[in-house]
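Visitor: Pasting a structure below so you can have a look.
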Amino acid sequence: MSKRVAITKRDRDKMRKQLLDRRAELLTDLDGNETNIDNLQDPKADDLDRAVEAGAMELLVALGDTERRELEEITLALEKIESGEYGRCEACLQSEQELSPTYPFIPKPRLEALPTARLCVTCQEALEQNRIPNYTRLKPRRTIFQDGEEFSHPLMENNDND
């Protein structure tokens, strides 16, 4: 059973580096996706080519949206590292009761496997079974891109009101 212990400064620094490396990867991938989407739009294409392009474009847009969501999770995790809240379960902190044996901390093995984890294992399972009705997911305060601009394309719709 895990102990009720916060992660060490060394662990936080290691997680911060992992998060920054993944963030750089995702930003590079998003730039490539945007270029690929622009290259797919050929006004001289016939109907069959346009149908194939539409399928490929839909896939690239979906990948971009997934990556954007992951970037938001990384941004929030980095904000938590800076504020000293990293490694603390959001649901445990919002709850009156101690649901988890590691309350309020997320076990180190979970953070190593998923550095953007917001919840301890107990609360994650409870959330998946709809047993945490009042849990409010935190949102990052900063934009996910350094220049303030988000990855977007006229064919993309923002349907991630989760």
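The values are calculated or read from the model by the stated rules, or taken from the named source; none is laboratory data. This one's a predicted model, so the numbers in the text were calculated from it and none came from an experiment. Positions of Cβ are generated from backbone atoms using ideal geometry, with glycine treated the same way; all protein chains shown enter the neighbour counts. Note: areas computed on protein heavy atoms with side chains; ligands, DNA, RNA excluded. Shrake-Rupley method; radii C 1.70, N 1.55, O 1.52, S 1.80 Å.
Visitor: Working only within segment 1-34, note down all residues that are modelled with pLDDT of 55 or more and among the polar types (S, T, N, Q).
Guide: Thr8, Gln18, Thr28
Visitor: Which condition number in (1) more than 20 Å from the chain's Cα centre (by Cα); (2) polar (S, T, N, Q); (3) at pLDDT below 85; (4) open to solvent by 50 Å² or more (accessible area, probe 1.4 Å) is the one that Thr136 fails?
Guide: Among (1) more than 20 Å from the chain's Cα centre (by Cα); (2) polar (S, T, N, Q); (3) at pLDDT below 85; (4) open to solvent by 50 Å² or more (accessible area, probe 1.4 Å), Thr136 violates only (1).
Visitor: Residue pairs, Cβ under 6 Å, 6 or more apart or interchain, first in segment 124-136 and touching a residue at least 12 places away in the same chain (Cβ under 8 Å), second part of a loop (DSSP other than H, G, I, E, B). List them.
Guide: From residues that are touching a residue at least 12 places away in the same chain (Cβ under 8 Å), the pairs are Ala126/Ile132.
Visitor: Please determine, by comparing only the residues of segment 92-123 that are closer than 18 Å to Gln18 by Cβ and assigned to a loop (DSSP other than H, G, I, E, B), which one is most open to solvent (accessible area, probe 1.4 Å).
Guide: Leu114
Visitor: Considering only residues that are in contact with a helix residue (DSSP H, G or I) (Cβ under 6 Å, 6 or more places away or on another chain) and not in a loop (DSSP other than H, G, I, E, B), look in segment 71-91 and name the one that is surrounded by the most Cβ atoms within 10 Å (Cβ to Cβ).
Guide: Among them, the one singled out is Ala77.
Visitor: Just one of (1) within 30 Å of Arg12 (Cβ to Cβ); (2) at pLDDT below 75 trips up Cys89, so point out which.
Guide: It is condition (2) that Cys89 fails.
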